[in-house]
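Undergrad: Can you keep this structure in mind? I'll have questions shortly.
The values are calculated or read from the model by the stated rules, or taken from the named source; none is laboratory data. These figures come from a predicted structure and were not determined experimentally. Cβ placement follows ideal geometry from the backbone for every residue including glycine, while neighbour counts extend to all protein chains displayed.
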Amino acid sequence: MTSSDKYTVETITYIQPWNPNLFTFRTTRFSGYRFIPGQFARLGIPDGDRIIWRPYSIASANWDEHLEFYSIVVPEGEFTPRLAQLRVGDTLLVDKTNYGFLTTDRFECGKDLWMLSTGTGLAPFVSILHDFDTWQQYDNLILVHGVRHANELGYAELLRALPEHEIFGEFAHKLHYVQAVTREDVPGALRGRITELLDSGELECTTGVTFDAERARVMICGNPDLVEDLRGMLTARGMSLAKRGRPGHFAIENAY
C-alpha cells in the first residue's frame, strides 16, 4: 500500500507494553507532518477494501522524529485488537491532517496549568510537557493521572525524571506530578477519583498549589464521565470553556 494525498504509510519502530492491555508504540514520521502539542492524529488500519480510522492523542514532542501513541486494548473493539497484534516493522496509516484544540494557545494569562487525565488521556500532556514554551509560560505545572490500578500508571518513570532533563531540569520546581488510584493503595499515590480529590481540596494540599480561578488554566483529557463531571465542577466555580477565538479557563478532550 502506498501513501495517498490524505495519509502516509508509517512503520512501527518501538512497542512498550505496560500491562497486558496497555501499551505505548512509536511510528516513523512523515517529514511534512506538523502538530501542536496536545493535538491528536487519526490512525488507520486496512481491513479488506476499507480502512478503520481512530483518533489518537500524540504523546511525542513536536520536535521528535517519530510519532508516539498510548493505547489501551478494548477486547470487543474493532480497532485496538488489530492494533495490538501489530509488531515492530509492521505498518499503519497516519492521516496527514492534525486535529484537536487541547492546546495551550486556548488560554490567555494564567499562572498555573492543571493537566487532569485518566488512563490514556495522559498522552497529550506528555507531549505538552516536552514543549519548552509550557515551562516558560507557567509558574506551576500540575499533572494528575487517574487510574484504577498501579499497573496502569504508564510513563511514571519518564515523568519523574523530567527534573533531571537536560532542557527542562532548570524548571523542575514547577512540576507537580500526582498519581491518583481508585482501586488499590499505592505508595506515594492519592486514593480516589480526580473529581473527589479536587472537590475535597486534597489535590491542593498535595501540590501546595491553590486552585484559584484567576490563576488556574485547566486541561482535561480522559473518559467521558470525568470530562463531564469536571466541566460541571469548573463551570460552578465561575470558569469558562475555551472555544475557538474565545479564550477561557479550561479545555477538554475525550480520550475514549
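Undergrad: Counting only residues that are modelled with pLDDT of 95 or more, within 15 Å of Ala251 (Cβ to Cβ) and under 17 Å from the mean Cα position of the chain (by Cα), give me the helices (runs of 4 or more DSSP H) lying completely in segment 64-148 with at least 3 of them.
TA: On the way: elements: 80-85, 123-128, 132-137.
Fully inside segment 64-148 and qualifying: 123-128.
Undergrad: Right, next: When residues of segment 167-184 are filtered for being more than 13 Å from Asp131 (Cα to Cα) and assigned to a loop (DSSP other than H, G, I, E, B), how many remain?
TA: Of the residues in that region, 3 qualify.
Undergrad: Sticking with this one: Could you check, for segment 71-78, whether at least one of its residues is surrounded by 14 or more Cβ atoms within 10 Å (Cβ to Cβ), touching a Gly at 6+ places or on another chain (Cβ under 8 Å) and not assigned by TED's automatic domain parsing to the domain that holds Leu226?
TA: Yes, that holds for at least one residue.
Undergrad: Confirm whether Ile128 is among the β-branched types (Val, Ile, Thr), in contact with a Pro (Cβ under 7 Å, 6 or more places away or on another chain), within 20 Å of Gln39 (Cα to Cα) and outside the structural domain of Val74 (by TED's automatic domain parsing).
TA: On the way: among the β-branched types (Val, Ile, Thr): yes; in contact with a Pro (Cβ under 7 Å, 6 or more places away or on another chain): yes; within 20 Å of Gln39 (Cα to Cα): yes; outside the structural domain of Val74 (by TED's automatic domain parsing): yes.
Yes, satisfied.
Undergrad: From Ala236, Ala251, Ala242, Ala172, grab the single residue that is free of Cβ contacts under 8 Å to residues at least 40 places away in the same chain, small (Gly, Ala, Ser) and touching a helix residue (DSSP H, G or I) at 6+ places or on another chain (Cβ under 7 Å).
TA: On the way: Ala236 fails: touching a helix residue (DSSP H, G or I) at 6+ places or on another chain (Cβ under 7 Å); Ala251 fails: free of Cβ contacts under 8 Å to residues at least 40 places away in the same chain; Ala242 fails: free of Cβ contacts under 8 Å to residues at least 40 places away in the same chain.
Residue meeting the stated conditions: Ala172.
Undergrad: Let me ask another. Restricting to segment 136-161, name every residue that is buried (at least 21 other Cβ atoms within 10 Å of the Cβ) and of a type in the set (A, V, I, L, M, F, W, C).
TA: Leu141, Ile142, Leu143, Val144, Val147, Leu153
Undergrad: Identify, please: which residue in segment 114-135 is of a type in the set (Phe, Trp, Tyr) and under 19 Å from Ile167 (Cβ atoms) and is, among those, surrounded by the most Cβ atoms within 10 Å (Cβ to Cβ)? Don't jump to the end; show me each part of the working.
TA: First, pick out the residues of segment 114-135 that are of a type in the set (Phe, Trp, Tyr): 114, 125, 132, 135.
Next cut, under 19 Å from Ile167 (Cβ atoms) only: 125, 132, 135.
On the way: Phe125: 27, Phe132: 12, Trp135: 21.
Ranking the qualifying residues of segment 114-135, first place goes to Phe125.
Undergrad: Right, another one. Filter segment 195-234 for residues that are of a type in the set (Gly, Ala, Ser), outside any loop (DSSP other than H, G, I, E, B) and surrounded by fewer than 20 Cβ atoms within 10 Å (Cβ to Cβ) and give the result. Break it down into steps so the answer makes sense when it comes.
TA: Of the residues in segment 195-234, the ones of a type in the set (Gly, Ala, Ser) are 200-201, 208, 213, 216, 222, 232.
Then keep just the ones that are outside any loop (DSSP other than H, G, I, E, B); that gives 200, 216, 222, 232.
Across segment 195-234, the qualifying residues are Ser200, Gly232.
Undergrad: Let me ask you something else. Can you tell me which residue is nearest to Asp90 (Cα to Cα) among those in segment 7-57 that are free of Cβ contacts under 8 Å to residues at least 60 places away in the same chain and among the small types (Gly, Ala, Ser)?
TA: Per the criteria, the residue is Gly44.
Undergrad: When residues of segment 121-175 are filtered for being within 17 Å of Thr104 (Cα to Cα) and of a type in the set (D, E, K, R), how many remain?
TA: Narrowing segment 121-175 to residues within 17 Å of Thr104 (Cα to Cα): 121-144, 174-175.
Still in the list and also of a type in the set (D, E, K, R): 131, 133, 139, 174.
Total meeting the criteria: 4.
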